[in-house]
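One structure below.
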Amino acid sequence: MPGAARRYDPDRRQRIIDAAIRVVGAKGIAGLSHRSAAAEADVPLGSTTYHFKTLDDLLVAALRQANEGFARAVADSAALADPEVDLATALARLLGEFLAGDRGRAELEYELYLAALRRPALRPVAAEWCEAAAAGLASRTDPATARALVAVMDGISLQVLLTGTAYDERYAHEILTRVLHP
């Protein structure tokens, strides 16, 4: 419409990111496009391409937001910060809470995380997640062990999510203890 006033919408970018996460959760990454995100966010298609020039730009924003969950849980955990609490016990419990809480959310986070295998633009964000999770363990162990613990938790999470098996906290505790005390 010529002469129409542009509507100020400061939350539009965030709504598009939220919509992209919902689309990936429902249809997988293959179902995400600027058009599907715009439809889910109830915004014009031009808004998605204005805020996110490429689909990878949108995926980076979605991955960054999705990654906040577990890394924040690590950083905010009182048990992980307490040197009196056994680290393997605290991590095994935290991992169990993550996987039991909202399985769909865990699957979504890993789908976005693993998309970095084929989309190089996502790799720095995936690396940020690993670094943030390891940094959350910095007060309890050395950097190499922290990275190893994150790798083990990644592996256990993927096995649970991909095979549909129940999370076994005792097994996770045993493996995490082996990393901490070889």
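The values are calculated or read from the model by the stated rules, or taken from the named source; none is laboratory data. Since the structure is predicted, the reported quantities are computational estimates derived from the model, not experimental observations. Methodologically, a virtual Cβ is constructed for each residue, glycine included, from the backbone with ideal geometry; neighbour enumeration extends over all protein chains shown. Ligands, DNA and RNA are stripped out before the accessible areas are found, and what is left, the full protein with its side chains, is counted by its heavy atoms. Shrake-Rupley method; radii C 1.70, N 1.55, O 1.52, S 1.80 Å.
On the given criteria, is Leu162 among the aliphatic types (A, V, I, L, M), at pLDDT below 90, surrounded by fewer than 16 Cβ atoms within 10 Å (Cβ to Cβ) and under 30 Å from Leu55 (Cα atoms)? Break it down into steps so the answer makes sense when it comes.
On the way: among the aliphatic types (A, V, I, L, M): yes; at pLDDT below 90: no; surrounded by fewer than 16 Cβ atoms within 10 Å (Cβ to Cβ): yes; under 30 Å from Leu55 (Cα atoms): yes.
So Leu162 does not fit the description; no.
What number of residues within the range 165-180 satisfy the criterion of being outside any helix (DSSP H, G or I) and surrounded by fewer than 16 Cβ atoms within 10 Å (Cβ to Cβ)? Before you say what the answer is, go through the steps one by one.
Looking only at the range 165-180, we keep the residues that are outside any helix (DSSP H, G or I), and these are 165-168.
Of the ones still in play, those that are also surrounded by fewer than 16 Cβ atoms within 10 Å (Cβ to Cβ) are 165-166, 168.
The number of residues fulfilling the criteria is 3.
One line per residue, one yes/no per condition, for (1) at pLDDT 95 or above; (2) open to solvent by 80 Å² or more (accessible area, probe 1.4 Å):
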residue	(1), (2)
Pro2	no, yes
Arg6	no, yes
Ile21	no, no
Gly28	no, no
Arg35	yes, yes
Ala38	yes, no
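Just to be sure, is Leu99 open to solvent by less than 80 Å² (accessible area, probe 1.4 Å), among the aliphatic types (A, V, I, L, M) and free of Cβ contacts under 8 Å to residues at least 24 places away in the same chain?
Numbers: open to solvent by less than 80 Å² (accessible area, probe 1.4 Å): yes; among the aliphatic types (A, V, I, L, M): yes; free of Cβ contacts under 8 Å to residues at least 24 places away in the same chain: no.
Considered against the rule, which asks whether it is open to solvent by less than 80 Å² (accessible area, probe 1.4 Å), among the aliphatic types (A, V, I, L, M) and free of Cβ contacts under 8 Å to residues at least 24 places away in the same chain, Leu99 comes out as no.
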Taking the range 76-92 and the residues there that are touching a residue at least 12 places away in the same chain (Cβ under 8 Å) and farther than 22 Å from Tyr167 by Cα, the one that is surrounded by the most Cβ atoms within 10 Å (Cβ to Cβ) would be Ala81
Among the residues of the range 3-52 satisfying the criterion of being under 22 Å from the mean Cα position of the chain (by Cα) and outside any helix (DSSP H, G or I), which is farthest from Glu111 (Cα to Cα)?
-> Asp11
Could you please let me know if Ala92 is modelled with pLDDT under 90 and within 30 Å of Thr145 (Cβ to Cβ)?
-> no
Only one of Ala88, Ala126, Ala116 is among the hydrophobic types (A, V, I, L, M, F, W, C) and either under 23 Å from Asp168 (Cβ atoms) or assigned to a loop (DSSP other than H, G, I, E, B) (or both), namely Ala88
Matching entry among Glu131, Glu109, Glu68 (being under 26 Å from Gly25 (Cβ atoms), within 14 Å of the chain's Cα centre (by Cα), open to solvent by less than 70 Å² (accessible area, probe 1.4 Å) and not small (Gly, Ala, Ser)) = Glu109
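Specify which of the listed residues (Ala121, Ala144) is surrounded by 12 or more Cβ atoms within 10 Å (Cβ to Cβ) and aliphatic (A, V, I, L, M). So that I can check it myself, show each step before the final result.
Numbers: Ala144 fails: surrounded by 12 or more Cβ atoms within 10 Å (Cβ to Cβ).
The match here is Ala121.
Tell me, which residue of the range 129-159 that is of a type in the set (Asp, Glu) and part of a helix (DSSP H, G or I) is modelled with the highest pLDDT? Break it down into steps so the answer makes sense when it comes.
To start, the set of residues in the range 129-159 that are of a type in the set (Asp, Glu) comprises 131, 142, 154.
Of the ones still in play, those that are also part of a helix (DSSP H, G or I) are 131, 154.
Working: Glu131: 89, Asp154: 93.
Step by step, filter the range 129-159, then rank; the result is Asp154.
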